[in-house]
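The structure under discussion appears below in the form of structure tokens.
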Amino acid sequence: MSKRNNQHTLSKQQIDSVISLFSSGQFQDAIDKIKVLNEKYPNVPLLFNIIGACYKGLGQIEASVQMFETAIALKKDYAEAHKNLGISYKVIGRLDDAANSFKQAINIDPDYVDAHFNLGITLQELNQLTDAMKCYERAIEINSDFAEAHNNLGNILKELGEIESSVKCFKNAITI
């Protein structure tokens, strides 16, 4: 059976049941269910992405990295898996790898607001303030109601001594 056929035979109900377990914080139950599904559907990137998120939820970051990498190996243009991998890299202090993962997600989906935002946070931590500022500005351009992006942009502007602009950003964040 090809990868494509496996993916198409996994039902929406099966996916929804796993997502429901994940969403309710039942990470281990979701992992157990995914492992059973993986026996029948071994090459479904979505399952590896979800199991990676479950491992992250359990604090097993190295395992989450492996699962996100597997999802990406199966589907190179999987923006969400790249973003999730970036978040896991960030948690374990691999900031350059995290930034590269977020950039990869953005290359795949230029309007991926969460990837822009997370890249901004990572670049800010790497003290690349101008580039971080551009990421927050792009996130706000995509979603003008993104309060956290307004706030983070305000923090950078404040750090750069642009007080009036930072106050405007903070006011926007509070209003939202």
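The values are calculated or read from the model by the stated rules, or taken from the named source; none is laboratory data. The shown structure was predicted, so the numbers you read here are calculated from the model rather than taken from an experiment. For neighbour counting, all protein chains shown are included, and Cβ atoms are generated from backbone atoms with ideal geometry for every residue, glycine included. When the accessible area is computed, the model is the full protein with side chains, heavy atoms only, and any ligands, DNA or RNA have been set aside. Shrake-Rupley method; radii C 1.70, N 1.55, O 1.52, S 1.80 Å.
Tell me yes or no: at least one residue of region 44-66 is in a helix (DSSP H, G or I), touching a Pro at 6+ places or on another chain (Cβ under 6 Å) and either modelled with pLDDT of 95 or more or under 20 Å from PHE117 (Cα atoms) (or both). For region 44-66, residues in a helix (DSSP H, G or I), touching a Pro at 6+ places or on another chain (Cβ under 6 Å) and either modelled with pLDDT of 95 or more or under 20 Å from PHE117 (Cα atoms) (or both): absent.
Based on this model, can you work out whether ASN118 counts as in a helix (DSSP H, G or I), of a type in the set (S, T, N, Q), open to solvent by less than 80 Å² (accessible area, probe 1.4 Å) and farther than 20 Å from LYS90 by Cα?
Values: in a helix (DSSP H, G or I): yes; of a type in the set (S, T, N, Q): yes; open to solvent by less than 80 Å² (accessible area, probe 1.4 Å): yes; farther than 20 Å from LYS90 by Cα: no.
Considered against the rule, which asks whether it is in a helix (DSSP H, G or I), of a type in the set (S, T, N, Q), open to solvent by less than 80 Å² (accessible area, probe 1.4 Å) and farther than 20 Å from LYS90 by Cα, ASN118 comes out as no.
Selection of region 135-167 for residues being charged (D, E, K, R), in a helix (DSSP H, G or I) and without any contact (Cβ under 8 Å) to a residue 12 or more places away in the chain yields GLU141, LYS158, GLU164.
Could you check, for region 96-106, whether at least one of its residues is closer than 21 Å to ASP16 by Cα and either over 14 Å from the mean Cα position of the chain (by Cα) or not in a loop (DSSP other than H, G, I, E, B) (or both)? Talk me through it step by step, then tell me what you get.
First, the residues of region 96-106 that are closer than 21 Å to ASP16 by Cα: none.
Among the residues of region 96-106, not one is closer than 21 Å to ASP16 by Cα and either over 14 Å from the mean Cα position of the chain (by Cα) or not in a loop (DSSP other than H, G, I, E, B) (or both), which makes the answer no.
Screening LYS158 against (1) out of contact with any Ser or Thr (no Cβ under 8 Å at 6 or more places or on another chain); (2) over 28 Å from LYS56 (Cα atoms); (3) open to solvent by 30 Å² or more (accessible area, probe 1.4 Å) leaves a single unmet condition, (1).
Please count how many residues of region 72-89 are out of contact with any Asp or Glu (no Cβ under 8 Å at 6 or more places or on another chain) and either touching a residue at least 12 places away in the same chain (Cβ under 8 Å) or of a type in the set (S, T, N, Q) (or both). Quick ask: steps written out before the conclusion?
Taking region 72-89 and keeping what is out of contact with any Asp or Glu (no Cβ under 8 Å at 6 or more places or on another chain), we get 72-78, 80-82, 84, 87-88.
Still in the list and also either touching a residue at least 12 places away in the same chain (Cβ under 8 Å) or of a type in the set (S, T, N, Q) (or both): 72, 74-75, 77-78, 80-82, 84, 87-88.
Matching residues across region 72-89 total 11.
Within region 67-78, track down each residue that is open to solvent by 10 Å² or more (accessible area, probe 1.4 Å) and assigned to a helix (DSSP H, G or I).
Of region 67-78, the ones open to solvent by 10 Å² or more (accessible area, probe 1.4 Å) are 67, 69-70, 72-78.
Within region 67-78, MET67, GLU69, THR70, ILE72, ALA73, LEU74 meet the criteria.
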